[in-house]
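Everything on this sheet refers to the single structure shown next.
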Amino acid sequence: MLHICIPTYNEGPTVGVLLWRIRKVFQEYSREYEVIVYDDGSTDETAATLEPYCKVLPLTVLHGEKQEGFGHALNALCADVSRRTKYPRRDAMVVMQGDFTDQPEALPELLKRFEGGADIVTTERDRGTMPTAVRRLAKVGPWMMRPFMSAKDMPDPFSSYKLYRISLLRDYAKSAADTPLITTDGWAANLEMFLKLAPLARKVEKVAVAPRYDLRPRETRVRPFADAMGLYRAGRASRGWRKPAAG
């Protein structure tokens, strides 16, 4: 089973079409799947858009009462898939955005790597297609984290599009006691999740993807200075993350 996890906040104009694009992918690429959307207290039509899709797609919608951020949404999705999976070694979760940036057509390639034995499949994005604010952060962010980790240890922190074998989530939960998997927010949450789970993985692979920023109807939510400082703080904390928690 593949659990496709989509954190959303005010993505009403895109999330419904995204679901149909995911459905089309799996009509052509036969694989059992379900979609889990976490609605982080959206104030637009996101909830109303999602409601009818629950009747025609393998879709579960988790609703947050108020906006609590990307990190909170990731924690909720991880907890949900870890609880619902019957076969954690055979099942995977994919995290993707709900705004068309992450293309569902890349899912078969991520799955092929997973079926070939990868416990984590990360994606690396073509920076040339990024909006100016995202491109600035992509340039400054790694420099902010360089004092704390080498380039080979650093995934693309600006890509949330990743696949994780669900057994990694359970292994981390056993070793970390009551410590949440994700304690940060924004782009730093992607980095924290990867760095905490990677030491538990036997094999990590990388796939190049081409994001489509031009398809989404809203402006980027990236704030280069604030997000770069968040990555700096994440890098400073990352030395502890890269070691499995004592249990």
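The values are calculated or read from the model by the stated rules, or taken from the named source; none is laboratory data. Computed from a predicted structure; not experimentally measured. Don't worry about glycine lacking a Cβ; one is built from the backbone with ideal geometry, like all the others, and counts go over all protein chains shown.
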Item to check | Residue ranges of helices (runs of 4 or more DSSP H) in the stretch 112-221 with at least 3 members surrounded by 14 or more Cβ atoms within 10 Å (Cβ to Cβ) and modelled with pLDDT of 75 or more | outcome: 166-176, 187-197
Next on the checklist: For the stretch 65-98, give me each residue that is in a loop (DSSP other than H, G, I, E, B), under 26 Å from residue 21 (Cα atoms) and among the acidic types (Asp, Glu).
Outcome noted: 91
Item to check | residue 25, sole failed condition from (1) assigned to a helix (DSSP H, G or I); (2) modelled with pLDDT under 95; (3) surrounded by fewer than 20 Cβ atoms within 10 Å (Cβ to Cβ) | outcome: (2)
Checklist entry - Only one residue in 247, 230, 235 is within 24 Å of residue 172 (Cα to Cα) and at pLDDT below 70, so which one is that? => result 247
Item to check | Single residue of the stretch 28-42 satisfying the filter (outside any strand (DSSP E or B) and surrounded by fewer than 17 Cβ atoms within 10 Å (Cβ to Cβ)) that is modelled with the highest pLDDT | outcome: 32
Item to check | Condition met for residue 4 (under 18 Å from the mean Cα position of the chain (by Cα), surrounded by 17 or more Cβ atoms within 10 Å (Cβ to Cβ), outside any strand (DSSP E or B) and among the β-branched types (Val, Ile, Thr)) | outcome: no
